[in-house]
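*Asks:* Pasting a structure here, questions to come.
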Amino acid sequence: MSVATTILGASGYSGQETLDRVLAHPGLELVALGSDSLAGSPASVLDPRLNGSLPAFVANNEALAAGAELVFCCLEHERAAALEPPADAVVVDLSGAHRLDAALYPEWYGFEHPAAGSLGAWSYAIPELFPPDGPLIANPGCYATAVLLALAPLVDSIDPVGIVVDAKSGVSGAGRTLKASSHATSVLENVSPYKVGSHQHAPEIAQTLGFPVCFVPHLLPVKRGLLATCYVTATADLRDALDAAYAASPAVTVLAEGLAPELSRVQGTDGAEIGVFTDRSTGTGIVVCALDNLGKGAAGQAVQNANLALGLPETAGLRLSGVLV
C-alpha cells in the first residue's frame, strides 16, 4: 500500500525538490499538488517534464483537505505558522514556522506566532541526531542542519565559548521569489555576507546546541550547495566523536583525514560530508560540513524524516548513490 501524499507550496524550490523525491519514492503516492499561484494549471506548467499523469495544481487549502496521510508543507514561514494539521496525518514542515520557542518569532521572523500553544507538539528532527518523535515534524533550516551535523556530536568535546561559523550557500537558498539581492548582476562574480548577526537560523542553532555561536552566512554565485566551516577549541578528540555519531549513517559521511568536503560532490544529493582538521599554528579545531541546501538541507531531509515517522526504509526516495561529475 502506498502512502497518500500532498505537497503544499509545490511550485517553490523546496516544493519542487520534494515533488521530485516523492515521484521517485516506492512507497508514496501523490494525491494533491498545492499552489495558490498555479491553481487550476496542469503540473507541466512547473516543468514540461511533468506530464499529464500527475494531478493538476489546486489551491493550498484544497490540497490540505485532500485526505492525505502525509503532508509536506513548503509554504512561507508566516503562512505555515497558521497551518492546522489534518488529524491522523504525518506533517513535515520545511519552513521555519515550527522550529523555535514562540517568544523568538517576533524578533527573528517578524511576526507573533498564531499557534504558540501548539508548538510543543512539533518535533525538531535531524534523523542522525534526533529522529522525529510524533507525526508533526519541524524540518530544520539548511544552515542549521550543516552546523548541527558538524557541532552537535561535539558539545562535550569543545569549549562552548568563542565558536565561529563561516557559512556559504548557493542562491537557491533564498527561494524562488524575485528580489534584488538574487538578481544575476548581484550574484555573479561576487561573494557577499548577508543578515550578518541577524540570520534566523542563529537562534535555531543556539536553541539546539544549548549555547550561541557567531554565525555569518554568505551568498555564493552558484545555484545550489552549502558549506559551513566551524572554528572551535577542542577539549577532546573531535574525529572520534564524529566517527561515533555517524558510523551507521546512510546520509552523513565523515571523510578520511586530510580530505575536505566539496560542494560538487553533494550538489543534487541528499547526503552530507564532514571534514575534521586542526590548525597547525593555533591548535584551533576546524569542522567543515558540506551539503545541498535543497537536498539534505530541505527536501531530502524532509523525506528522510517522513520515512522514519511512517516506518518506511529511511533512504527510500533519497539521492544517495552515484558518482557525479
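The values are calculated or read from the model by the stated rules, or taken from the named source; none is laboratory data. These numbers come from a predicted model, not from an experiment. Positions of Cβ are backbone-derived with ideal geometry, glycine not excepted, and every protein chain shown enters the neighbour counts. The area values use the complete protein model at the heavy-atom level, side chains included, leaving out ligands, DNA and RNA. Shrake-Rupley method; radii C 1.70, N 1.55, O 1.52, S 1.80 Å.
*Asks:* When segment 76-133 is examined, which residues are found to be basic (Lys, Arg) and under 30 Å from Ser249 (Cα atoms)?
*Replies:* Matches in segment 76-133: Arg99 only.
*Asks:* Under 9 Å between Cβ atoms, at least 6 apart or on separate chains: pull out the pairs that start in segment 47-62 with a residue that is under 13 Å from Ala10 (Cα atoms) and end on any residue that is open to solvent by 30 Å² or more (accessible area, probe 1.4 Å) and part of a helix (DSSP H, G or I).
*Replies:* Here the result reads Asp47/Gln16; Leu50/Leu23; Leu50/Ser44; Leu54/Leu23; Leu54/Ser44; Phe57/Val45; Asn60/Arg79, each pair linking segment 47-62 to a residue that is open to solvent by 30 Å² or more (accessible area, probe 1.4 Å) and part of a helix (DSSP H, G or I).
*Asks:* Name the residues in segment 201-216 that are buried (at least 22 other Cβ atoms within 10 Å of the Cβ) and not aromatic (Phe, Trp, Tyr), would you?
*Replies:* His201, Ala202, Glu204, Ile205
*Asks:* Do we find that Glu204 is acidic (Asp, Glu), over 25 Å from Gly322 (Cα atoms) and within 18 Å of the chain's Cα centre (by Cα) in this structure?
*Replies:* yes
*Asks:* Could you please give the count of residues in segment 174-200 that are over 10 Å from Val216 (Cα atoms) and either within 21 Å of the chain's Cα centre (by Cα) or at pLDDT below 70 (or both)?
*Replies:* 14
*Asks:* Here's another thing I want to ask about it. Does Val171 fit the bill of being over 20 Å from the mean Cα position of the chain (by Cα), under 23 Å from Ala299 (Cβ atoms) and modelled with pLDDT under 95?
*Replies:* no
*Asks:* Consider Pro261 carefully, then state whether it is of a type outside the set (Lys, Arg) and over 17 Å from Val287 (Cα atoms).
*Replies:* No.
*Asks:* Report whether or not Gly15 is among the small types (Gly, Ala, Ser) and buried (at least 23 other Cβ atoms within 10 Å of the Cβ).
*Replies:* yes
*Asks:* How many of the residues making up segment 136-174 are surrounded by fewer than 21 Cβ atoms within 10 Å (Cβ to Cβ), outside any helix (DSSP H, G or I) and not polar (S, T, N, Q)?
*Replies:* 8
*Asks:* For segment 97-116, how many residues meet the condition of being hydroxyl-bearing (Ser, Thr, Tyr) and part of a loop (DSSP other than H, G, I, E, B)?
*Replies:* Within segment 97-116, residues that are hydroxyl-bearing (Ser, Thr, Tyr) and part of a loop (DSSP other than H, G, I, E, B) number 1.
*Asks:* Still on this structure: Hey, Gly52 hits all of (1) of a type in the set (Gly, Ala, Ser); (2) out of contact with any helix residue (DSSP H, G or I) (no Cβ under 6 Å at 6 or more places or on another chain); (3) more than 30 Å from Glu107 (Cβ to Cβ); (4) at pLDDT 95 or above but one; which does it fall short on?
*Replies:* Gly52 satisfies all of (1) of a type in the set (Gly, Ala, Ser); (2) out of contact with any helix residue (DSSP H, G or I) (no Cβ under 6 Å at 6 or more places or on another chain); (3) more than 30 Å from Glu107 (Cβ to Cβ); (4) at pLDDT 95 or above except (4).
*Asks:* Could you name every one of the helices (runs of 4 or more DSSP H) located completely within segment 217-325 that has at least 1 residues being buried (at least 24 other Cβ atoms within 10 Å of the Cβ) and touching a Lys or Arg at 6+ places or on another chain (Cβ under 6 Å)?
*Replies:* Helices (runs of 4 or more DSSP H) meeting the threshold: 300-310.
*Asks:* Could you identify the single residue in Leu104, Leu23 that is touching a residue at least 60 places away in the same chain (Cβ under 8 Å), surrounded by fewer than 17 Cβ atoms within 10 Å (Cβ to Cβ) and within 22 Å of Ala298 (Cβ to Cβ)?
*Replies:* Leu104
*Asks:* For segment 117-135, how many residues are part of a strand (DSSP E or B) and open to solvent by 30 Å² or more (accessible area, probe 1.4 Å)?
*Replies:* So the answer is 2.
Yes or no, residue by residue, for (1) of a type in the set (Val, Ile, Thr); (2) at pLDDT below 95; (3) at positive phi:
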site	(1), (2), (3)
Gly110	no, no, yes
Glu128	no, no, no
Pro135	no, no, no
Asn139	no, no, no
Tyr143	no, no, no
Ile163	yes, no, no
